[in-house]
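Below: one structure, written as structure tokens.
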Amino acid sequence: MTYRTILEMMHALRRLRARERWTRSQIEAYQAQALADLRKDAYAHSPFYREFHANLAERPLQELPILTKSMLHDHFDEIVSDRAVRLADVTAHVQKVRGAERFLGRYIVNATSGTTGHASYILYNRAEWATVLASFSRFERHVGSIAGAIRRPRMAIVGSSTPWHISARIGATVHSALLPILRLDVGEPIDEIVGQLNEWQPDILASYASMAGILANEQASGRLQISPRRIVCAAEVLSTTLRQRIQAAWGEVVFNQYGASEGGTFAVECESPYADPHPSHPHTRGLHLFEDLFILEVVDHQNQPTPPGQYGDKVLLTVLFNHTQPLIRYELSDSVRMAAAPCSCGRSLALIDDVQGRDEEVLRFPGDEGGTVAVHPMVFYRILDATAIGSWQVVQQGGQLTLRLSGERQAIDEQALVNRLQRALTQQHIVLPSIDIQWVESGARGVTGKAARIRSRP
């Protein structure tokens, strides 16, 4: 079964790579047809969409209502296209999953991380799951190549081992000697992770951005001694300062990915040596959006389109290839900025300038002239990612900010760090909170292994 899955992934990979040569008009024509097919299937097989889009079947995508995470959870049974699928049964299945088991023998199930408080399950049939797998490897040229088949580059993934998380589901379904992969749980003690990586000596290292930063510290200290040719950061914000710290350890080998459990990989950083670096982010060339798989609308809080060159407050995602569980204008709270011009590498795929975090990480403070001021998470990322600490978490509670730090306490000047934060927050025109530092053994992570970087408590 594993080899069949890998062959299906390779077939999908060849199809996706061929589309990279499409012109802009070919991409747009494909999107229009794929969207029409998705909506036709949704109206035929999903009771939810028949009601949700009642009298709107002929209206353009931008006029359709928005699907929220809570709606996806609350109307699960009516949204899925297979009437034999029930949320209660899916939940029971997930609790028993330990490997590559498929729900009803035909669906791979994974779950969203629930960072907004509304975790839900996402189903894929066999062909759809092959597309998800291929999306992760689309720009990994060694996968599916003759050179890759002969040499078989060694890959290490430091991620979640939670059975229903997408990274664990991928590992379970492609576990094979054809793809030599070391999989480590991000929650393991760091010395054990370092020891296994030293023994494995990966050519490719993939992990959460925060964990890549921790491993960069280990490399700088001499405890970790690996020489990866490529480092893939995903699932979390990769700030400029964090990227620079990782590059200081291994050089210009860092590549960013943007995606979610709801569809796999949405966009991957351009790897072409012919692409121009971004003017305000010289260490990155931007991320190519896989427009043949997704439609991504960048919008403000009123769901109005945000023009290229400006950050949106959220995105509305339409997954073109998943007909099992249609997601049409599905709300994600990611703040994304589209590029105003195409990539100089020659691909016609739209380019994402930057992904800077989720609205849930925006902290709100009393303004120094009244009202409430929203402080973007990048205020904290820029300062804390640049410090010589293992990991960090900001917790807001009332008028108090607590910095939960891990690593070597003597490596930083605590008062200088507090002062830098206070200066940055003063520029936001807020009533300054008191700032306290706590040292913890390891950074706080959710059940999926993602670092819970910024939190607000009532």
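Readers should treat all values here as calculations from the given coordinates under stated rules, not as data from a laboratory. None of these values were measured; they are calculated from a predicted model. Using ideal geometry, Cβ is built from the backbone for each residue, glycine included, and neighbour counts are taken over all protein chains shown.
Annotations for the structure displayed:
- When peptides 44-52, 221-229 are ranked by their average number of other Cβ atoms within 10 Å per residue, the highest-first order is 44-52, 221-229.
- Rounded to the nearest 500, the helix-only mean residue ellipticity at 222 nm of the chain stands at -9500 deg cm²/dmol, with each DSSP H run of n ≥ 4 adding -39,500 (n - 2.57).
- Multiplying the residue separation of residue 386 and residue 182 by 0.36 nm and subtracting their alpha-carbon distance yields 70.5 nm.
- Computed extension gain for residue 436 through residue 101, at 0.36 nm per residue and net of the alpha carbon distance, reaches 116.0 nm.
- The alpha-carbon of residue 314 sits under 16 angstrom from the alpha-carbons of these aspartates and glutamates, leaving out residues fewer than 8 places away in its chain: 236, 262, 297, 300, 331, 334, 353, 354, 359, 360, 361.
- Ranked list, fewest to most other Cβ atoms within 10 Å of each Cβ, for 40, 69: 40, 69
- Label-point separation in nm, residue 201 to residue 127, each point 7 Å along Cα→Cβ: 4.4 nm
- Legend: Rg and Dmax of the range 2-358, from Cα coordinates, 20.0, 64 Å.
- With K and R counted +1 and D and E -1, the other residues having a Cβ less than 15 Å from that of residue 424 yield a net charge of +1.
- Of the GluC sites (Glu not before Pro) in the range 361-416, the ones in a loop by DSSP (not H, G, I, E or B) with at most 10 other beta carbons within 10 Å are 369.
- Computed from the C-beta positions of residue 413 and residue 44, the FRET efficiency with R₀ = 51 Å rounds to 0.20.
- Each of 41, 203 was scored by other Cβ atoms within 10 Å of its Cβ. Arranged with the fewest first, they read 41, 203.
- Helix runs (DSSP H) in the chain reaching 27 Å along axis by Cα, Kyte-Doolittle at least -1.0: 24-45
- Difference of contour (0.36 nm per residue) and Cα-Cα distance, residue 247 to residue 37: 71.2 nm
- Set of the range 383-418 residues, backbone N closer than 18 Å to the point 7 Å along the Cα-Cβ line of residue 457: 392-406
- Loop-located GluC sites (Glu not before Pro) in the range 187-269, at most 14 other Cβ atoms within 10 Å (DSSP): 252
- Beta bridges by DSSP in the range 2-358, antiparallel share as percent, to the nearest 5: 60 percent
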